[in-house]
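Handing you this structure, nothing more for now.
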Amino acid sequence: MNEPFIKTGGLSKSYRGKKALDNVTVSIDRPGITGLIGPNGSGKSTLLKTAAGLLRPGKGSVTVLGEPVSRQVASRVSLLAEVDSLYGYQTPEEAVTFFSRVFPDFSSEKAASLLEKLEIDSGTEIKNLSKGSRARVKIALTLARDVPLLLMDEPLSGLDPIVREEILGMIISCIDISRQAAVISTHEVAEVEPFLDHVVFIRNGKILLSENVEKLRETKGKSVVEVMREVLS
């Protein structure tokens, strides 16, 4: 049996005495697309950063691909953080070169192709790009890595509503659901529901539900949006 892509056991994390994650036990066992759904401040970002090795657990455990999270394991994870961490003095073209040097699994060709599809001027310094364009650059750089696990924290944040659907479709098309697991955090469920294989609802640092989407629809007779309203209300 293959090891889970992510598995946590009693995972807790606090900031200044406030719990961001509270005894979280959850497992992402299969390839496909998981929606990490919850309101702002629910613990989504903390969970993804911990799985990516950027944060240490306060209590409990987290494993990725069967191994405790470490620098080596984290190298097999591509994280799109909600916070903009790009170097503003670089152009997108220079960022591609930088990523290719840092990550052996990074495809410069794929990144360049994605930047072109996303209509990014690769010669303009990132600090001079709009918020939406910077978000597109982050998406391209994240998807250009060939890793088993993709973690995307609010990938559509900052994007114009008119293009969100198109860019989401492009994101989904770049994920090989036969061998990759992608966790996409969002509080906008309706736009991602058609693509989800699994859903995890989180609120106040606690997991309220983790279930296969088809099974959820069969047992509840409701859409993911309807179940979300029921669970998170």
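Being among the charged types (D, E, K, R), at negative phi and assigned to a helix (DSSP H, G or I) narrows it down to one residue among Glu211, Glu191; which is it? Spell out the reasoning first.
Values: Glu211 fails: assigned to a helix (DSSP H, G or I).
So the residue among Glu211, Glu191 that is among the charged types (D, E, K, R), at negative phi and assigned to a helix (DSSP H, G or I) is Glu191.
Here is a follow-up. When region 177-233 is examined, which residues are found to be closer than 28 Å to Glu166 by Cα and basic (Lys, Arg)?
Scanning region 177-233 gives Arg179, Lys215, Arg217, Lys222, Arg229.
One line per residue, one yes/no per condition, for (1) in contact (Cβ under 8 Å) with a residue 60 or more places away in the chain; (2) of a type outside the set (A, V, I, L, M, F, W, C):
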site: Ser27; (1), (2): yes, yes
site: Lys44; (1), (2): yes, yes
site: Val77; (1), (2): yes, no
site: Phe103; (1), (2): no, no
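Here's a follow-up. For residues in region 214-224 being without any contact (Cβ under 8 Å) to a residue 60 or more places away in the chain and surrounded by 13 or more Cβ atoms within 10 Å (Cβ to Cβ), which is nearest to Ala190 (Cα to Cα)?
Restricting to residues being without any contact (Cβ under 8 Å) to a residue 60 or more places away in the chain and surrounded by 13 or more Cβ atoms within 10 Å (Cβ to Cβ), the top hit is Ser223.
While we're on this one: Please go through region 188-233 and pick out each residue that is in contact with an Asp or Glu (Cβ under 7 Å, 6 or more places away or on another chain), over 19 Å from Leu47 (Cα atoms) and β-branched (Val, Ile, Thr).
Result: Val213, Val224, Val225.
Still on this model: From the list Leu141, Leu156, Leu151, pick out the single residue that is buried (at least 20 other Cβ atoms within 10 Å of the Cβ) and part of a helix (DSSP H, G or I).
Working: Leu156 fails: part of a helix (DSSP H, G or I); Leu151 fails: part of a helix (DSSP H, G or I).
Of the residues listed, the single one that is buried (at least 20 other Cβ atoms within 10 Å of the Cβ) and part of a helix (DSSP H, G or I) is Leu141.
Lys49 fails exactly one of the following numbered conditions: (1) assigned to a loop (DSSP other than H, G, I, E, B); (2) crowded, with 18+ Cβ neighbours inside 10 Å; (3) charged (D, E, K, R). What is the number of that condition?
(1)
Across region 56-99, what is the total count of residues that are more than 13 Å from Val137 (Cα to Cα), hydroxyl-bearing (Ser, Thr, Tyr) and either crowded, with 16+ Cβ neighbours inside 10 Å or at pLDDT below 90 (or both)?
Summing the residues that are more than 13 Å from Val137 (Cα to Cα), hydroxyl-bearing (Ser, Thr, Tyr) and either crowded, with 16+ Cβ neighbours inside 10 Å or at pLDDT below 90 (or both) in region 56-99 gives 4.
Looking at region 30-46, which of its residues are assigned to a loop (DSSP other than H, G, I, E, B) and out of contact with any Phe, Trp or Tyr (no Cβ under 7 Å at 6 or more places or on another chain)?
Pass one, region 30-46, residues assigned to a loop (DSSP other than H, G, I, E, B): 30-31, 38-43.
Listed by number, the residues that qualify are Arg30, Pro31, Pro39, Asn40, Gly41, Ser42, Gly43.
Hey, among the residues in region 118-138 that are assigned to a helix (DSSP H, G or I) and among the hydrophobic types (A, V, I, L, M, F, W, C), which one's nearest to the chain's Cα centre (by Cα)?
At the first step, the residues of region 118-138 found to be assigned to a helix (DSSP H, G or I) are 126-128, 131-138.
Now restrict to residues that are among the hydrophobic types (A, V, I, L, M, F, W, C): 126, 135, 137.
Working: Ile126: 22, Ala135: 13, Val137: 15 Å.
The extreme case among them is Ala135.
Another question about this same structure. Determine which member of the set Lys19, Lys7 is at pLDDT 95 or above and of a type in the set (D, E, K, R). Outline the logic, then answer.
Details: Lys19 fails: at pLDDT 95 or above.
It is Lys7.
Sticking with this structure for a sec: Being of a type in the set (A, V, I, L, M) and either within 23 Å of Cys174 (Cβ to Cβ) or not assigned by TED's automatic domain parsing to the domain that holds Arg56 (or both) is the filter here, so list the residues in region 1-38 that pass it.
Within region 1-38, the first condition is being of a type in the set (A, V, I, L, M), and the residues that meet it are 1, 6, 11, 20-21, 24, 26, 28, 33, 36-37.
Matches in region 1-38: Ile6, Ile28, Ile33, Leu36, Ile37.
Let me ask something else about it. Any idea which of (1) touching a residue at least 60 places away in the same chain (Cβ under 8 Å); (2) among the aliphatic types (A, V, I, L, M); (3) part of a loop (DSSP other than H, G, I, E, B) is the one Val83 doesn't satisfy?
Tallying (1) touching a residue at least 60 places away in the same chain (Cβ under 8 Å); (2) among the aliphatic types (A, V, I, L, M); (3) part of a loop (DSSP other than H, G, I, E, B), Val83 fails exactly one: (1).
The values are calculated or read from the model by the stated rules, or taken from the named source; none is laboratory data. Source: prediction; values computed, not measured. In this analysis, Cβ positions are derived from the backbone assuming ideal geometry, glycine residues included, and neighbour counts consider all displayed protein chains.
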